[in-house]
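One structure below.
The values are calculated or read from the model by the stated rules, or taken from the named source; none is laboratory data. All values reported here derive from a predicted model rather than from experimental measurement. Cβ atoms come from the backbone with ideal geometry, glycine included; neighbour counts cover every protein chain shown.
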């Protein structure tokens, strides 16, 4: 009888842990899934604002579905809003700290913003988690190797010729 409170607490802990680990692998609400598909199509067609609207509507329907944040981040990057994209990637990482796509995407957005050192930290994290040959690592390596658009614009021959 004296072990009953401890057993009840332990069983409650196990139920909570099982439900949390299962929540990360679930499918999106069907209505949200339809909006995600619509948003992807709009994004592919170049209509970023309508895509963002579709993704935000999907998020309102299913706020617990983490991949929506990755879609919102991609749309924000295509719209030139790297800071907003980084915020979405970090929200996804708060929910799933080892999400390779979020780590890589955040690194790419950091490069686009000109923060190469921070992007290299993301690359090191990816290499430690999934190795140097996983697709996310290779993608981020390529973006870092290409450099930031701001740095590349500063290094063009036209910009050096105009300063002489």
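In the set (1) farther than 21 Å from residue 77 by Cα; (2) modelled with pLDDT of 90 or more; (3) exposed (fewer than 10 other Cβ atoms within 10 Å of the Cβ), the condition left unmet by residue 129 is number (3).
Within the stretch 67-81, residues that are at negative phi have Cβ atoms under 8 Å from residues that are surrounded by fewer than 23 Cβ atoms within 10 Å (Cβ to Cβ) and not in a helix (DSSP H, G or I) in these pairs: 67/28; 68/28; 68/62; 70/99, counting only partners at least 6 apart in sequence or on another chain. Residue 31 fulfils the conditions (1) crowded, with 16+ Cβ neighbours inside 10 Å; (2) in contact with a helix residue (DSSP H, G or I) (Cβ under 6 Å, 6 or more places away or on another chain) except for a single criterion, (1).
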